[in-house]
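A short write-up of the structure that comes next.
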Amino acid sequence: MNNTIKLAVASALLAAASSANAGIMIPAGDWTLDIGGVVNAYYTSTRTSGDAFGNGYGGKYIGGGNTNTENSTSNITTGLLPNYLSVSGKTRQNDLDVAFTISINPGASTTQAGKQDSQQENRQAFLTFGDASWGSIKLGKDLGIFASDAILNDMTLLGVGAGAGNLAGNTTTLGRIGTGFIYADWKSQVAYTSPNWNGFSFTAGVTQAWNAQDTGLSSGVSAARGGNSPAFEGKASYAWAGDFAGKVWVSGISQKVEFATLGSDRANAFDVGATVNVAGFGLTGYYYTGEGIGQTVQLNGGFDATGKARDSDGYYVQGTYTLPGVGTKLGLSYGKSNLDKNNAATDTLAGDVEDSMWTIGAYHPLTKHLNLVAEYSDAKAELGNLEGKSKTVALGAILFF
């Protein structure tokens, strides 16, 4: 199984019996191929109430309707993790470890009768080379560096979280994205990762920059590829094993943002997190802050219509417990993301944004690679004096191979 899926399993898999190792290993001359992946699907029932407003400002949780109107939606859909089919290869040549990974990521839901739209992503296509003595270099598309540990330690990675009501038909739901951390995204990058020095390591890289599509991002328009300089991202972490195992990390991002008519500015953010595990208990805490970075998707809503950066921050806390002799892991988490209004802003959708969510989950290892999942998520989205709520029940399974 490729490194990103392994990391996702190691960081977020909530049942001890499900810690997948390699996928299907195939010797091929000088190469060793590794075919692995993820298949998951969930039945979800979402009840929404309150105000409805645009995507990127809480609309990700809210269905149609007006204040005090309730709507119910049922779907069968993929969870936060997309389905994966990944092919990796590695070899040792000229004193270098050389490897590659390519993946395809289809959804698990239908969108309309008699027609199957192309709901598919290609999240990974990268190569690496290096040596244990000096580290490795990555070139290509993979999970971003900033905020990557936040999502990989989120328990909803193996479930659904938010977004089941209006994102069914896509490849994924939202999990806790936008209610505790910003999406790390899948980015073109050139990155260096250091060796592991007794648990300490770091990664630094340049990644694809994004620009505003119009004079600002305040209306929730997502950023488009472009810019005359890349983004700069980095992270450092220290992990330890034993009866009291854990990990602490920090990461950051900085990039120049260009506007069509308002010149340019910079978006900056950093985060800090920690996770510990002892005697079946797990505890994770995370916090981020930034300016111009947005609140859910990077840069989305990060600037008002005048080109001025908006401040944002957020956090989540998560506790889990594994039942002895059963392997079932129970989890409870809460998170919140804030995006501040600028005093001079006059555009309607540039109000203060506060999105939060409680999630309760149970993750049971039915076999070594198959987990049954039951989740309940209660989300609230606020934009100025508008407020919408959603409550989602998700039941399903996730398989790693």
Next on the checklist: Need pairs with beta-carbon distance below 6 Å; first residue farther than 23 Å from residue 149 by Cα and within region 256-274, second polar (S, T, N, Q); sequence gap 6+ or separate chains.
Outcome noted: 256/229; 256/264; 258/211; 258/264; 259/215; 260/215; 261/215; 262/215
Item to check | Count of residues meeting criterion [among the hydrophobic types (A, V, I, L, M, F, W, C), farther than 15 Å from residue 38 by Cα and modelled with pLDDT under 80] in region 104-131 | outcome: 1
Next on the checklist: Could you check region 94-148 and list, in sequence order, the residues that are within 25 Å of the chain's Cα centre (by Cα) and of a type in the set (Lys, Arg)?
Outcome noted: 123, 138, 141
Next on the checklist: crowded, with 17+ Cβ neighbours inside 10 Å and modelled with pLDDT under 90: which single residue out of 163, 144 fits that description?
Outcome noted: 163
Checklist entry - Are any residues in region 112-124 touching a Ser or Thr at 6+ places or on another chain (Cβ under 6 Å) and either at positive phi or assigned to a helix (DSSP H, G or I) (or both), and if so, which ones? => result none
Checklist entry - Hey, among 290, 331, which residue is at pLDDT 95 or above and under 26 Å from residue 203 (Cα atoms)? => result 290
Checklist outcome for this item: Flagged in region 273-286 as in contact with a Phe, Trp or Tyr (Cβ under 6 Å, 6 or more places away or on another chain) and crowded, with 17+ Cβ neighbours inside 10 Å, in numbering order, are 273, 286
Checklist entry - From 137, 182, which residue is farther than 28 Å from residue 365 by Cβ and without any contact (Cβ under 8 Å) to a residue 60 or more places away in the chain? => result 137
Next on the checklist: Being under 18 Å from residue 383 (Cα atoms) and of a type in the set (A, V, I, L, M) is the filter here; which residues of region 291-347 pass it?
Outcome noted: 293, 297, 299, 305, 309, 339, 344, 345
Checklist entry - Counting only residues that are of a type in the set (Gly, Ala, Ser) and not in a strand (DSSP E or B), how many does region 251-299 have? => result 6
Checklist outcome for this item: For strands (runs of 3 or more DSSP E) lying entirely in region 21-92, having 1 or more residues that are crowded, with 22+ Cβ neighbours inside 10 Å, touching a strand residue (DSSP E or B) at 6+ places or on another chain (Cβ under 6 Å) and modelled with pLDDT of 80 or more picks out 31-50, 70-77
Checklist outcome for this item: Exactly one of 128, 172, 156, 179 is hydroxyl-bearing (Ser, Thr, Tyr), over 26 Å from residue 102 (Cβ atoms) and touching a Leu at 6+ places or on another chain (Cβ under 9 Å), and that one is 156
Checklist entry - In region 125-213, which strands (runs of 3 or more DSSP E) lie fully inside it and hold 1 or more residues that are touching a Lys or Arg at 6+ places or on another chain (Cβ under 6 Å) and not charged (D, E, K, R)? => result 125-131, 186-193, 200-207
Item to check | In region 301-332, residue farthest from residue 252 (Cα to Cα) [restricted to those that are crowded, with 24+ Cβ neighbours inside 10 Å and under 17 Å from the mean Cα position of the chain (by Cα)] | outcome: 316
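The values are calculated or read from the model by the stated rules, or taken from the named source; none is laboratory data. What you are looking at is a predicted structure, and each value in this text was computed from that prediction instead of being measured. Glycine also receives a Cβ, built like all others from the backbone with ideal geometry; neighbour counts cover every protein chain displayed.
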